[in-house]
Amino acid sequence: MGGQPQPQRSPAGCRWGCLLLACVFVVIIGAIIWGAVSTYESAYQMTSPSPRTFPPIAEGGAQAVQEKLQQAEEELAKGGSPEVHLTADEFNAWFLDSPNNRELAKDVRFRIEADWLVAEASFPLTFMAQLPLLPGFHDRYFNGKLAVRLSVDHGELKVEAFDLEGNGARLPWLTTSQDFRQTVSQGINKALRDSEPEDQVLLNAIQSIQIANNEIVVKFGKGDKKPGG
């Protein structure tokens with residue numbers, strides 16, 4: 001295509017990386033603060049003494065996703081309602097190829113499981129302070145998965161369901177809490193609102209997100225936003 005070369009855009013991913021880290025921190029710290037010793041012990045059981053490793057990321061996926069997003073933005077500008085289909089490999093390549101997220105490549109991989117988006121994660125917990133007379137988290141790792149089912153309501157992303165598992169253990173009260181799902185939803189939407197201005201056109205146009213047939217399907221179009229959104 002002719003004309004002036006378009007300035008290279010930074011892949012929109014940092015907001016997700018920061019959000020993923022924030023979710024882990026909130027869950028572990030929240031479990032300790034909100035619960036008693038039994039909850040602390042349950043949270044400790046969700047950690048491991050060493051990290052896990054992940055396979056290399058498939059090459060070439062990041063550029064393919066950027067092209068899909070560019071085509072969607074162009075179709076949207078013409079009044080269309082484009083859909084973007086992403087496999088888990090494409091999502092990993094695009095998200096983790098971002099300069100802001102490359103450090104996360106050793107810590108996380110995304111996959112699709114039924115209608116869930118699952119983040120397999122391995123994070124060091126060196127930020128955790130040692131509490132007297134209790135086993136410490138400082139030298140431990142969170143090796144587990146964070147899974148979400150998402151929907152879109154009046155232009156806002158909504159967490160329909162949330163699951164977190166670490167080292168084969170769960171905190172059932174956390175994953176069934178509507179208040180916690182609302183908190184995660186609010187965090188996601190704040191991260192999206194704070195993203196780069198050039199990303200807002202597509203982000204504001206998200207109408208639906210579905211996970212089916214091993215793909216993430218995002219539909220864009222002109223829809224109603226919540227007042228003040």
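Each value in this text was obtained by applying a stated rule to the coordinates, not by laboratory testing. Note that the coordinates shown come from a computational prediction; the quantities given were computed from them, not determined experimentally. Reconstructed Cβ throughout: ideal geometry from the backbone, glycine too, with neighbour counts over all protein chains shown.
Taken along the Cα-to-beta-carbon direction at a fixed 7 Å, the label points for Gln182 and Gln66 span 4.0 nm. In this rough spin-label picture, where each label sits 7 Å from Cα along the Cβ direction, the Ala212-Lys78 distance is 2.5 nm. Shape descriptor for the range 48-101: Rg over Rh equals 1.17 (Cα atoms; Rh from the Kirkwood inverse mean 1/r). If R0 is 25 Å, the Cβ-Cβ spacing of Val201 and Ser151 corresponds to a FRET efficiency of close to 0.75. Along each principal axis, taking the top coordinate minus the bottom one, the Cα set of the range 82-173 gives 56, 33, 24 Å in descending order.
Taking the square roots of 5 times each eigenvalue of the Cα gyration tensor of the range 119-163, largest first, gives ellipsoid semi-axes of 33, 12, 9 Å. The label-point distance for Asp89 and Arg102, in a model that sets each label 7 Å from Cα toward Cβ, rounds to 2.2 nm.
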